[in-house]
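Below: the structure, in structure tokens.
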Amino acid sequence: MKDGFCPKCGRKLIEKELENEGIVPYCNSCGEYRFPMYNVAVSMIVINKSTKKILLIKQYGRDFFILVAGYVSRGEELEHAARRELKEETGMSATYVKFNRSKFFEPSNTLMCNFTVLVEDDSELHTNQEIDSYNWFSYDEARENIKKGSLAAEFLNAYLDGLDGK
């Protein structure tokens, strides 16, 4: 539904009241309401159980650290996507996956769903072409090295701040 057009017929959508939903985009041509569409992705705070360190990565020629992340495939469960993306990008297998929080990321029209993912150690680690470089950081070092002001930093800091209360 790019820029207010119907994904089925391509005609311009109007705003129309839908009972119990409020104002929803509507296609006069198809006679159907068109709820907003967006992407869904997972991001992961990857923790090495043996060293108690967090994995941060650099990608696509950028010179800053972020979390491992990737898009969810149609029909895929979020937890499966987290395990799959971890395996595809790092070669490592998750021993534990737990949902933390989500937030809509407007620049890419994506609902980001953040998880904590534990790996036994880094013996399986072999990154694919999507990762330029990586490093394992202590919790404090991870907080210092992640890209400031990013959604990845927001997720990481919320996770680390939550550890203080435990």
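Checking Ile23 against (1) part of a loop (DSSP other than H, G, I, E, B); (2) modelled with pLDDT of 90 or more, only one condition comes out false. Which one?
Answer for Ile23: the failing condition is (1).
Scan region 119-134 for residues that are open to solvent by 40 Å² or more (accessible area, probe 1.4 Å) and closer than 15 Å to Lys49 by Cα and report the count. Steps first, please.
First pass over region 119-134, keeping only residues open to solvent by 40 Å² or more (accessible area, probe 1.4 Å): 120-124, 126-127, 129-130, 132-134.
The next check asks that each one be closer than 15 Å to Lys49 by Cα; those that pass are 120-124.
Final tally of qualifying residues: 5.
Could you please find all residues in region 76-112 being hydroxyl-bearing (Ser, Thr, Tyr) and surrounded by 15 or more Cβ atoms within 10 Å (Cβ to Cβ)? Before the answer, list the steps.
Kept after step one, since they are hydroxyl-bearing (Ser, Thr, Tyr), are these residues of region 76-112: 90, 93, 95-96, 102, 108, 110.
If the condition is that a residue be hydroxyl-bearing (Ser, Thr, Tyr) and surrounded by 15 or more Cβ atoms within 10 Å (Cβ to Cβ), then Thr90, Ser102, Thr110 are the ones that fit.
Among residues belonging to region 85-115 that are touching a residue at least 12 places away in the same chain (Cβ under 8 Å) and assigned to a helix (DSSP H, G or I), point out the one that is farthest from Val40 (Cα to Cα).
Step one: of region 85-115, the residues touching a residue at least 12 places away in the same chain (Cβ under 8 Å) are 85-86, 88-105, 108-115.
Still in the running and assigned to a helix (DSSP H, G or I): 85-86, 88-90, 108.
Values: Glu85: 13, Leu86: 16, Glu88: 17, Glu89: 18, Thr90: 20, Ser108: 10 Å.
By that ranking, first place goes to Thr90.
One residue is enough: does region 41-52 have a residue meeting the conditions open to solvent by 70 Å² or more (accessible area, probe 1.4 Å) and either touching a Cys at 6+ places or on another chain (Cβ under 9 Å) or assigned to a strand (DSSP E or B) (or both)?
No, there is no match, as no residue in region 41-52 is open to solvent by 70 Å² or more (accessible area, probe 1.4 Å) and either touching a Cys at 6+ places or on another chain (Cβ under 9 Å) or assigned to a strand (DSSP E or B) (or both).
Can you spot a residue in region 53-67 that is touching a Gly at 6+ places or on another chain (Cβ under 7 Å) and surrounded by 12 or more Cβ atoms within 10 Å (Cβ to Cβ)?
Let us first name the residues in region 53-67 that are touching a Gly at 6+ places or on another chain (Cβ under 7 Å), namely none.
Checking region 53-67: not a single residue is touching a Gly at 6+ places or on another chain (Cβ under 7 Å) and surrounded by 12 or more Cβ atoms within 10 Å (Cβ to Cβ).
Regarding Glu130, is this residue of a type outside the set (A, V, I, L, M, F, W, C), at pLDDT below 95 and within 14 Å of Ile57 (Cβ to Cβ)?
Working: of a type outside the set (A, V, I, L, M, F, W, C): yes; at pLDDT below 95: yes; within 14 Å of Ile57 (Cβ to Cβ): yes.
Here the answer is yes, as Glu130 does meet what is asked.
Restricting attention to region 136-166, and to residues there that are polar (S, T, N, Q) and outside any loop (DSSP other than H, G, I, E, B), which single residue is surrounded by the fewest Cβ atoms within 10 Å (Cβ to Cβ)?
Taking region 136-166 as the starting set, the residues that turn out to be polar (S, T, N, Q) are 138, 145, 150, 157.
Among the residues that remain, those that are also outside any loop (DSSP other than H, G, I, E, B) are: 145, 157.
Values: Asn145: 17, Asn157: 13.
Among them, the one singled out is Asn157.
Return yes or no: is Leu56 aliphatic (A, V, I, L, M) and part of a helix (DSSP H, G or I)? Spell out how you get there, then give the answer.
Details: aliphatic (A, V, I, L, M): yes; part of a helix (DSSP H, G or I): no.
Judged against the criteria, Leu56 is not a match.
Kindly establish whether Lys16 is of a type outside the set (S, T, N, Q), in contact with a helix residue (DSSP H, G or I) (Cβ under 8 Å, 6 or more places away or on another chain), farther than 22 Å from Cys113 by Cβ and open to solvent by 70 Å² or more (accessible area, probe 1.4 Å).
Numbers: of a type outside the set (S, T, N, Q): yes; in contact with a helix residue (DSSP H, G or I) (Cβ under 8 Å, 6 or more places away or on another chain): no; farther than 22 Å from Cys113 by Cβ: yes; open to solvent by 70 Å² or more (accessible area, probe 1.4 Å): yes.
No, not satisfied.
The values are calculated or read from the model by the stated rules, or taken from the named source; none is laboratory data. All values reported here derive from a predicted model rather than from experimental measurement. Backbone-built Cβ (ideal geometry, glycine too); neighbour counts: all protein chains shown. Accessible surface areas use protein heavy atoms only, side chains included; no ligands, DNA or RNA. Shrake-Rupley method; radii C 1.70, N 1.55, O 1.52, S 1.80 Å.
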